[in-house]
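The values are calculated or read from the model by the stated rules, or taken from the named source; none is laboratory data. Computed from a prediction, not measured in an experiment: that's the story for all the values here. With ideal geometry, Cβ positions are generated from the backbone for all residues, glycine too; neighbour counts draw on all protein chains shown.
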Amino acid sequence: MIKITLQTDAAKACYPVYIGRNIAQNIGHLMGEILPPGPCLVVTDQNVLFYYNKISHNLQKGGFKPHLKVLDGGEKIKTPAFADMLYRRALESGLDRYSSIIALGGGVIGDLAGFVAATYLRGIPFVQIPTSLLAMVDSSVGGKVAVNHPLGKNLIGAFHHPSVVISDTTFLKTLPPREWRAGMAEVIKYGVIKDANLFSRLEALEKTNLQRPSGRELIYIISRTVQLKGMVVARDAKDHAHRRILNLGHTFGHALEAATGFKHYLHGEAVAVGMQMATVMAEKLGILDCQTARRIAELVEKLNPPPPPPFLNTALVKDALYYDKKKEGNELIFVLPEALGRVGFYKSVPQEKIHESIAYCLNIMDK
């Protein structure tokens with residue numbers, strides 16, 4: 001088992017991230033080192049409900065009294081209405097300010113349960129037990145929690161760090177191939193923004209291994225991305241400046257998700273296509289050489305992101321861009337690759353370059 005300690009802010013508050021095989025069977029002990037025993041609410045979805053049986057007994061051994069709320073999976077549950085449902089369940093379960101909420105699932109469950117924990121009784125502890133690769137390498141750490149609004153992704157949210165993250169890699173055995181590829185998109189992102197060696201290591205993997213690495217390689221990938229994100233967050237916990245490098249591919253990606261009603265793309269798939277758009281834009285603006293742009297495009301293409309739905313066009317994506325929560329006034333801020341391991345922030349990008357980048361990656365000539 002690997003333990004990584006992440007710093008949350010300038011005050012040097014921190015929390016542990018545990019990564020390893022079969023470590024969820026020790027959840028009661030790992031939580032008990034940090035949190036007081038008592039009632040807790042476990043939030044999960046139908047797809048991973050069977051993992052609850054793996055942790056419930058151990059929670060009880062640690063003095064915790066788990067209450068369960070099972071939701072449907074998918075982005076459709078990441079809304080204020082479902083948050084209200086969890087508030088009610090927490091109240092019915094007798095959770096007080098010393099209780100905790102446990103997110104057992106992927107990024108959607110983590111974001112939703114974390115948002116409820118951040119706002120219930122003005123904030124109670126929560127624990128991340130990610131069951132998807134994307135959640136293990138990215139969304140379970142960093143302290144961003146949110147729900148969606150029909151006009152945009154993660155527009156209603158808070159900063160609320162977990163008390164502990166427990167990433168049991170055996171939970172990934174049942175992860176569908178499409179979810180694996182979505183998670184690997186976030187891994188590629190970290191190689192582009194912060195670690196050229198990681199990017200090269202991913203390039204060296206065969207396509208099948210890229211989609212499902214295992215053993216030591218999987219542990220390395222998860223631990224390295226957690227370390228990289230931890231370094232970025234420690235420098236800028238509240239997303240004022242430097243932390244925005246983590247949004248590579250996300251400005252376009254969130255727009256793709258919103259423009260398709262959060263029904264067509266998995267989050268990681270939208271990020272993959274968003275990275276392609278950001279890479280095309282960087283090359284068109286002359287800030288990224290064509291060889292590096294080709295390397296990024298080829299690695300992302302190994303993930304086989306889905307083609308756009310027939311109704312999607314450039315205008316829909318451009319309109320959705322302007323609900324991006326990171327914009328300043330009416331001005332969009334794009335995170336664009338400058339080299340492997342380095343990105344920059346760009347404002348005042350000409351509209352024709354935005355249009356061309358979207359159209360090129362959607363493979364359409366329109367509008």
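Quick rundown of the values:
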item	result
Residue in region 123-132 that is at pLDDT 95 or above and surrounded by fewer than 22 Cβ atoms within 10 Å (Cβ to Cβ) present	yes
Close pairs from region 299-312: first under 25 Å from Ala204 (Cα atoms), partner exposed (fewer than 14 other Cβ atoms within 10 Å of the Cβ), Cβ under 6 Å, at least 6 apart	Lys302/Lys207
Odd one out for Asp138 among (1) in contact with a strand residue (DSSP E or B) (Cβ under 9 Å, 6 or more places away or on another chain); (2) surrounded by 20 or more Cβ atoms within 10 Å (Cβ to Cβ)	(1)
Flag if Glu338 is touching a residue at least 24 places away in the same chain (Cβ under 8 Å) and of a type in the set (Asp, Glu)	yes
Checklist (1) more than 18 Å from the chain's Cα centre (by Cα); (2) buried (at least 18 other Cβ atoms within 10 Å of the Cβ); (3) hydroxyl-bearing (Ser, Thr, Tyr) applied to Tyr323, failing item	(2)
So Ile166, is it surrounded by 17 or more Cβ atoms within 10 Å (Cβ to Cβ), in contact with a helix residue (DSSP H, G or I) (Cβ under 8 Å, 6 or more places away or on another chain) and within 24 Å of Glu33 (Cα to Cα)	yes
Selected residue [part of a helix (DSSP H, G or I) and over 25 Å from Leu218 (Cβ atoms)] from Phe82, Phe50	Phe82
Members of region 282-301 that are crowded, with 20+ Cβ neighbours inside 10 Å and either within 23 Å of the chain's Cα centre (by Cα) or not assigned by TED's automatic domain parsing to the domain that holds Ser200 (or both)	Ile296, Leu299, Val300
Test: residue in region 231-238 that is modelled with pLDDT of 95 or more, outside any loop (DSSP other than H, G, I, E, B), out of contact with any Gly (no Cβ under 8 Å at 6 or more places or on another chain) and closer than 30 Å to Ser348 by Cα	no
Residues satisfying the stated conditions in region 38-51, i.e. modelled with pLDDT under 95 and surrounded by fewer than 19 Cβ atoms within 10 Å (Cβ to Cβ)	Gln46, Leu49, Phe50
Close pairs (9 angstrom Cβ cut-off, 6 or more residues apart or separate chains): in contact (Cβ under 8 Å) with a residue 60 or more places away in the chain and in a strand (DSSP E or B) in region 109-137, acidic (Asp, Glu) and surrounded by 24 or more Cβ atoms within 10 Å (Cβ to Cβ) anywhere	Ile129/Asp168
